[in-house]
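Peer 1: Sharing a structure here in structure tokens format.
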Amino acid sequence: MSNTYYVTTPIYYVNDAPHIGHSYTTIAADALSRYYRAAGRDVHFLTGTDEHGIKIVKAATDRGLTPQQLADSVVVHFQQLWKDLEITNDDFIRTSSPRHEKRVQALVSEMVKRDEIYLGKYEGWYDEGQEEFVTESTARDNEYKSPINGRPLTRYGEPSYFFRLSKWVPKLIEHIEANEHFVQPDARRNEVLSKLRMGVEDLSISRQQEKLGGWGVPMPNDPSHSVYVWIDALSNYYTALGLPAVGDEFDAAAESYWPCDVHLIGKDILWFHAVYWPCMLMSLGLPLPKCVFAHGWWTSDGKKMSKTLGNFVSREAIAEICAEYSVDVYRYFLLRAVMFGSDGDFSRDALRVRYNSDLANGVGNLLSRTVNMIDKYFDGAIPAPAPDAIAPEAQGVMDAAGALIDSAGPAMAACQFHKYLDSLQGLVDATNRFIDVTEPFRLAKDASQRDRLGGILYACAEAVRLILAYLAPIMPASAIAGLAQLGLGPEATDLVAVGRWGVLTAGTQTNKASGLFPRKP
Ligand code: ME8
């Protein structure tokens, strides 16, 4: 197996500021990246912004700006938010940058050369908010409004270049059928397959330049047309690696990461990623990504988030939550509260309840109990392990630790963050139970039980150490702070070196400190 791991987020439109939906995908990609780095893989994590298309042109016009000015003013909000949320992307691609534009032209030229593109006429409906063509029947069913945002559809009738998409559909169906992980989750895979089996037409992949005020990537074979924004945008996953070579300083810079391990996206943009993108790659003779994973949508206090309702969990709301709790708590809640792939509802109440139950009463309490007892009974030095003396009560802890270690890899490979965190919670619960059953505070009163007491506290410290090491991809700062209380440095998050039972050295000096997750009323 290749040691590289390449994960991407969608590139976000710069028509508006970032919100919870953008942060969701990006935090998930960050958790995967941090996990795989800790597990010894050579990780490449890409995010960026989608800056072309009619949607951006219109948003810029409404604000009295050029599209470039709009993009330049909004991109910094995304970049700042990623810094604030401790996102560790290795690259950030902007589709208006020359490194990307030149490569999109190279890809389209190659498609022209391979006779994958022909000139025709597009006649039909277009959803400008989604940058998507809408069939006559869907348009009629939705009263000629966008099925996504309810705004009126626009009628387009113009010469356009078409990609021979339909020609690749049988091969794509075969690929999806033969590779059960290619489109995930399963329900989405089935949706894509049944829609594909109903038949797919060729795809219009160009717009007249004049309608976009010259904004976009010119078609290399006919500069009076711009490349359709989705063809331009999807290419970013490939162009960002410096592919294909165009003779600049980015050439092949990160070539070894293709094909991508996982494109994380929201369910609304699955068709583009599961159909247009792989067909485009097939037409170019390039390897396909290994997985496209579509997550669900967040509602807010039970309602769909929308501009008109003004109930978006905005950048400002995210900042407030992070100030009240912490960045880590926001990251944890998003990945723990709902199964990745399903829809979920965001509310401050749900966040507080989850915080108190899992973090304050769970891992936070376990860490302070453990460090306090080691401080009190062993002057803060981790006691020696004494497995024989503590059996059989410790079996539950050892089993839960084994379950966490064994399930972490498969859970991350399937983007099942809630399962990963479930196993982690399993070890927290087993260790808390272990303390309740063995009653170290009682043993401490009996000098003949000293070895047994030490063995029990060693097991507790070892369990907390593992919990924090495995928590680090999701809650990096809290994990480091917790490990410091056990007398360990950031290297204690390296899962290759320390992701197993029995690593703590007796005598390590702990550092009692205030609780990691104080209870919230
Ligand atoms: O679609 N809950 O960009 P975008 C969860 N530029 N996710 C949400 C959400 C919500 N309430 N609202 C939006 C684009 N999203 C294109 C992508 S990729 C080559 C081009 C998610 O800024 C949505 O599902 O409109 C999508 O995955 C992402 O935000 C980006 O949305």
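The values are calculated or read from the model by the stated rules, or taken from the named source; none is laboratory data. Because the structure is predicted, anything quoted here is derived from the model rather than measured. For neighbour counting, all protein chains shown are included, and Cβ atoms are generated from backbone atoms with ideal geometry for every residue, glycine included. Protein only, heavy atoms only, side chains kept; ligands, DNA and RNA dropped before computing areas. Shrake-Rupley method; radii C 1.70, N 1.55, O 1.52, S 1.80 Å.
Peer 1: Among the residues of segment 203-239 satisfying the criterion of being over 20 Å from ILE11 (Cβ atoms) and in a helix (DSSP H, G or I), which is farthest from the ligand (Cβ to nearest atom)?
Peer 2: Checked segment 203-239; the qualifying residue farthest from the ligand (Cβ to nearest atom) is GLU210.
Peer 1: Scan segment 277-288 and give yes if some residue there is buried (at least 20 other Cβ atoms within 10 Å of the Cβ) and within 30 Å of ILE435 (Cα to Cα), otherwise no.
Peer 2: no
Peer 1: Moving to a separate point now. Just to be sure I understand the filter: pairs with C-beta atoms under 9 Å, separated by 6 or more residues or on different chains, first member in segment 282-311 and without any contact (Cβ under 8 Å) to a residue 60 or more places away in the chain and closer than 25 Å to LEU32 by Cα, second member of a type in the set (Lys, Arg) and outside any loop (DSSP other than H, G, I, E, B). Which pairs pass?
Peer 2: So the pair list comes out as GLY296/LYS267.
Peer 1: Follow-up question, since we're still on this one. With a cut-off of at least 2 residues that are within 16 Å of the ligand (Cβ to nearest atom) and of a type in the set (A, V, I, L, M), name the strands (runs of 3 or more DSSP E) lying wholly within segment 1-96. Before you say what the answer is, go through the steps one by one.
Peer 2: Details: elements: 4-13, 42-50, 91-94.
Filter on segment 1-96 gives 4-13.
Peer 1: Tell me, please, whether a residue that is on the phi > 0 side of the Ramachandran plot and surrounded by fewer than 24 Cβ atoms within 10 Å (Cβ to Cβ) can be found in segment 30-40.
Peer 2: The answer is yes, given that some residue of segment 30-40 is on the phi > 0 side of the Ramachandran plot and surrounded by fewer than 24 Cβ atoms within 10 Å (Cβ to Cβ).
Peer 1: Further question: Identify all residues within segment 404-417 that are in contact with a helix residue (DSSP H, G or I) (Cβ under 9 Å, 6 or more places away or on another chain) and crowded, with 16+ Cβ neighbours inside 10 Å; write none if there are none.
Peer 2: Across segment 404-417, the qualifying residues are LEU404, ILE405, SER407, ALA408, ALA411, MET412, CYS415, GLN416, PHE417.
Peer 1: Checking GLY242 against (1) open to solvent by 30 Å² or more (accessible area, probe 1.4 Å); (2) part of a loop (DSSP other than H, G, I, E, B), which single condition isn't satisfied?
Peer 2: If we test GLY242 against (1) open to solvent by 30 Å² or more (accessible area, probe 1.4 Å); (2) part of a loop (DSSP other than H, G, I, E, B), just (1) comes out false.
Peer 1: Would you confirm, using the coordinates I've provided, whether ARG433 is free of Cβ contacts under 8 Å to residues at least 12 places away in the same chain and more than 30 Å from PHE182 (Cβ to Cβ)?
Peer 2: Values: free of Cβ contacts under 8 Å to residues at least 12 places away in the same chain: no; more than 30 Å from PHE182 (Cβ to Cβ): yes.
No.
Peer 1: Another one. Would you confirm whether or not segment 340-348 contains a residue that is modelled with pLDDT under 95, more than 30 Å from GLU180 (Cβ to Cβ), among the polar types (S, T, N, Q) and within 13 Å of the ligand (Cβ to nearest atom)?
Peer 2: no
Peer 1: So which of SER226, SER206, SER256, SER235 ends up being out of contact with any Asp or Glu (no Cβ under 6 Å at 6 or more places or on another chain), open to solvent by 20 Å² or more (accessible area, probe 1.4 Å) and among the polar types (S, T, N, Q)?
Peer 2: Values: SER226 fails: open to solvent by 20 Å² or more (accessible area, probe 1.4 Å); SER206 fails: open to solvent by 20 Å² or more (accessible area, probe 1.4 Å); SER235 fails: open to solvent by 20 Å² or more (accessible area, probe 1.4 Å).
From the options SER226, SER206, SER256, SER235, the qualifying one is SER256.
Peer 1: Just to be sure, is TRP297 open to solvent by 20 Å² or more (accessible area, probe 1.4 Å), within 12 Å of the ligand (Cβ to nearest atom) and under 15 Å from the mean Cα position of the chain (by Cα)? Talk me through it step by step, then tell me what you get.
Peer 2: Numbers: open to solvent by 20 Å² or more (accessible area, probe 1.4 Å): yes; within 12 Å of the ligand (Cβ to nearest atom): yes; under 15 Å from the mean Cα position of the chain (by Cα): yes.
Yes, satisfied.
Peer 1: Next up: Would you check which residues across segment 273-294 are among the small types (Gly, Ala, Ser) and either within 24 Å of PHE312 (Cβ to Cβ) or within 8 Å of the ligand (Cβ to nearest atom) (or both) and list them?
Peer 2: Step one: list which residues in segment 273-294 are among the small types (Gly, Ala, Ser), which gives 274, 283, 285, 294.
Once the filter is applied, which keeps residues that are among the small types (Gly, Ala, Ser) and either within 24 Å of PHE312 (Cβ to Cβ) or within 8 Å of the ligand (Cβ to nearest atom) (or both), segment 273-294 yields only ALA294.
Peer 1: Next question, about the same structure. Please work out if VAL57 is surrounded by 17 or more Cβ atoms within 10 Å (Cβ to Cβ) and either among the aliphatic types (A, V, I, L, M) or more than 21 Å from the chain's Cα centre (by Cα) (or both). Break it down stepwise before answering.
Peer 2: On the way: surrounded by 17 or more Cβ atoms within 10 Å (Cβ to Cβ): yes; either among the aliphatic types (A, V, I, L, M) or more than 21 Å from the chain's Cα centre (by Cα) (or both): yes.
Judged against the criteria, VAL57 is a match.
Peer 1: For GLU136, indicate whether it is among the charged types (D, E, K, R), open to solvent by 10 Å² or more (accessible area, probe 1.4 Å), more than 16 Å from the ligand (Cβ to nearest atom) and at positive phi. Reasoning before the result, please.
Peer 2: Numbers: among the charged types (D, E, K, R): yes; open to solvent by 10 Å² or more (accessible area, probe 1.4 Å): yes; more than 16 Å from the ligand (Cβ to nearest atom): yes; at positive phi: no.
In short, no.
Peer 1: Regarding segment 263-272, can at least one residue be identified that is in contact with a Phe, Trp or Tyr (Cβ under 9 Å, 6 or more places away or on another chain) and away from the ligand (no atom under 11 Å from the Cβ)?
Peer 2: For segment 263-272, residues in contact with a Phe, Trp or Tyr (Cβ under 9 Å, 6 or more places away or on another chain) and away from the ligand (no atom under 11 Å from the Cβ): absent.
Peer 1: Okay, next question. Any idea which residue in segment 145-159 is surrounded by the most Cβ atoms within 10 Å (Cβ to Cβ), counting only those that are in contact with a Lys or Arg (Cβ under 9 Å, 6 or more places away or on another chain) and closer than 23 Å to ALA59 by Cβ?
Peer 2: Narrowing segment 145-159 to residues in contact with a Lys or Arg (Cβ under 9 Å, 6 or more places away or on another chain): 145, 149, 151-153, 156-159.
Narrowing the set further to residues that are closer than 23 Å to ALA59 by Cβ leaves 145, 149, 151-153, 156, 158.
Details: LYS145: 14, ASN149: 13, ARG151: 12, PRO152: 12, LEU153: 23, TYR156: 19, GLU158: 13.
Among residues in segment 145-159 that are in contact with a Lys or Arg (Cβ under 9 Å, 6 or more places away or on another chain) and closer than 23 Å to ALA59 by Cβ, the one surrounded by the most Cβ atoms within 10 Å (Cβ to Cβ) is LEU153.
Peer 1: Looking at ARG331, ARG354 in this structure, which one is in a helix (DSSP H, G or I) and open to solvent by 10 Å² or more (accessible area, probe 1.4 Å)? Show your work before the answer.
Peer 2: Working: ARG331 fails: open to solvent by 10 Å² or more (accessible area, probe 1.4 Å).
Residue meeting the stated conditions: ARG354.
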